[in-house]
Every structure is written in C-alpha cells, then in structure tokens.
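In what follows, a single structure is set out as structure tokens and then discussed.
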Amino acid sequence: MNAIDQYAVFGHPINHSKSPRIHRLFAAQTQQQLCYEAQDVPAGSFTSTVDTFFRHGGKGLNCTVPLKELAWQCADKLSQLAQFSKAVNTLTLQEDGTLLGDNTDGTGLVTDLTINHSISLLNSRILILGAGGASRGIIGPLMEKSPAHIVIANRTVEKAITLSNEFSLLGDISGCGYDAIANQQFDLILNATSASLTGKLPPLADNILNENGCCYDLAYSNQPTTFVKWGTTHGAETSLDGLGMLVEQAAEAFYIWRDVRPETSAVIELLNSERI
Ligand code: ATR
C-alpha cells in the first residue's frame, strides 16, 4: 500500500493551532506528499491516542500544551535537547517501530532571534521570566550561543533556583525572585510565563532593559501581547512575540521528519500579514 504519510499536532485546546497551516505550506513549498491534521487530545487519553495514531500510519506527531511532558514520558528514545528539557514537542516513528522524542522549541527560538532578527546572544545578559516547562525548553539552545549570563526570575523563587541548578554545568546561570533583579539590566528579556496570556505581567522595574535591548514573548497573538507592549513602551529596540519561533520550531520538526529544510521567511511573512 502506498498511503500518504500522516502527521498531526495533538493539544488541548487545539482549535486555534497554526501548525496544520504551517506544515501544509512547508509541504507545498518542498513538494512533499503528506497529510497534517490537528487533533484535540485531553491529557487523560494521550497515551492511547498516540498509540492509535502510530498504529494507523502516523509518521510524526507534534505535541503542544498541556501534553509535552506526557510526550516526553511516552518517547522510547530522546534527543539530547529533549532529555534536558523534560518536554517533547516532536515524536517521530523510527524504522524499528520505536518513538524518538525531540524538543525543537529552543532551536526555533534561537533561529528566530539570531537569524531572522539578527540579535546576537554572544556575551549578552539574558533574563528569562518564568521557570515552568516553556523556560526549561529554551535554556539549552540559548546556552549554546555563549551568553554572558542567564538569569531566571520566577514568582516561586525555589523553582527558578532548582531550574538554574539543572543547567549550571552548561554556563553562567542563576535563579531568583523578581525583587532580586530590580537593579539589574539585561540585553534580552524573554517572557516564558503564562501570565501574558491573561493580560498580566510579572513585576519588572522600568529601567531593567539595556539601551538597544530586546523583548521576546514566547506566546503569540494576533494583537500585541501584554509583554510585547511592555517592551515597546520601555525602550526595546525590538519587541517580538513568538510567531517566528512557532514557524521555526515547526521547520525543525519538518526537517526531522522529511529530511528537507523548508524556507521559513515566506511563511512567517504570510502569517504576519494575516494578523487582524
Ligand atoms: P509552561 O509549561 O507554559 O511554562 P507552567 O509550567 O505552568 O507552564 O509555568 C508557568 C510559569 O508562568 C511559571 O513560571 C509561573 O510562575 P510560578 O512558578 O510562580 O507559578 C508563571 N506565571 C504564571 N502566572 C503568573 C503571574 N501572574 N505572574 C508571574 N508569573 C506567572
């Protein structure tokens, strides 16, 4: 049988996911024959739905909130980045029938920052807001770009300290609460909290961003997020949301699955033009 290769994104909720559109654009651009669908999968039925998907011709799966930690548990093997991040956003069926788990989020972020926006991370002072799964997924790839220092600030201070300790062998990294950064300055502030989705922000001092500094919200929205607006009003040279990261992490997954690297700029441009 020569059935078309099946891919999907699982999440809960999933109805606003842009992943099917992105992967279909990649497939058309690279002339790959494949099918990519979005499926609403609650955490409780994740394992059985993954099993059914791969038994019925599935080749690869993206997993998004709140399923990335479950995908990490369900992978038979893990890439190094996935091991560190304890979260998997890309599952790939191997020839021997096992599932390989990858995490392409951090690589997607770094590509968007350094290639699409020419933001150098070398010797930079980086502040990450939040110490949850989103933060964990980006630290390894950020460290590979040799920043001077990474500070993780979190409302629950112990979580920031624990997370920074896990990555301390990779470079200069520390964890603290928001009070402790009140008198510090950073070149890049990354919002990895879930606060901005509800219009809230962690408490940040007005002068925390260096001149020519950049703000980046890992979340994206058609309208500027609360954190993107904060950056704009606090002198950021660039204040971006995570649309570019979304496209770049998808491109990494597509490359893992198809061994073809899609061209991302046209896709980012198209999605940006569709913001209302
Ligand atoms: P994710 O996997 O998306 O990172 P998560 O693990 O629930 O989600 O983590 C959410 C992060 O956003 C946490 O760092 C959380 O801070 P706490 O660890 O103190 O809970 C942070 N967060 C959520 N709402 C926040 C708010 N209103 N102000 C500051 N931080 C907030």
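The values are calculated or read from the model by the stated rules, or taken from the named source; none is laboratory data. Note that the coordinates shown come from a computational prediction; the quantities given were computed from them, not determined experimentally. No Cβ is skipped: glycine too gets one built from the backbone with ideal geometry, and neighbour counts run over all protein chains shown. Heavy atoms of the whole protein, side chains included, go into the accessibility calculation; ligands, DNA and RNA do not. Shrake-Rupley method; radii C 1.70, N 1.55, O 1.52, S 1.80 Å.
Look through the range 206-226, keep the residues that are over 23 Å from the mean Cα position of the chain (by Cα) and open to solvent by 60 Å² or more (accessible area, probe 1.4 Å), and return whichever of them is nearest to the ligand (Cβ to nearest atom). The qualifying residue nearest to the ligand (Cβ to nearest atom) is D206. In the range 174-205, of all residues being within 13 Å of the ligand (Cβ to nearest atom), of a type in the set (G, A, S) and modelled with pLDDT of 95 or more, the one that is nearest to the chain's Cα centre (by Cα) corresponds to A192.
Considering (1) within 20 Å of E237 (Cα to Cα); (2) surrounded by fewer than 20 Cβ atoms within 10 Å (Cβ to Cβ), the lone condition that I128 does not fulfil carries the number (2). In the range 208-225, the condition of being assigned to a helix (DSSP H, G or I) and farther than 22 Å from K86 by Cβ is met by no residue. Taking each residue of the range 198-227 that is within 17 Å of Q185 (Cα to Cα) and looking for partners that are assigned to a strand (DSSP E or B) and hydrophobic (A, V, I, L, M, F, W, C) with beta-carbon atoms closer than 6 Å, six or more apart or interchain, yields P202/L129; C214/L188; C215/I189; Y216/L190; Y216/L240. Restricting L163, L204, L142, L169 to those that are assigned by TED's automatic domain parsing to the domain that holds L121 and in contact with a Phe, Trp or Tyr (Cβ under 8 Å, 6 or more places away or on another chain) reduces the list to L204. Candidates K229, K200: the one that is basic (K, R) and loosely packed, with under 14 Cβ neighbours inside 10 Å is K200.
Of these, L129, L142, which one is aliphatic (A, V, I, L, M), within 14 Å of Y216 (Cβ to Cβ) and near the ligand (Cβ under 9 Å from one of its atoms)? Spell out the reasoning first.
Values: L142 fails: near the ligand (Cβ under 9 Å from one of its atoms).
Being aliphatic (A, V, I, L, M), within 14 Å of Y216 (Cβ to Cβ) and near the ligand (Cβ under 9 Å from one of its atoms) holds for just one of L129, L142, which is L129.
Within the range 52-74, the set of residues being more than 19 Å from W257 (Cβ to Cβ) and open to solvent by 80 Å² or more (accessible area, probe 1.4 Å) comprises V65, E69, Q73.
Inspect the range 206-224 for any residue being over 23 Å from T111 (Cα atoms) and small (G, A, S) and give the result as yes or no. No: zero hits.
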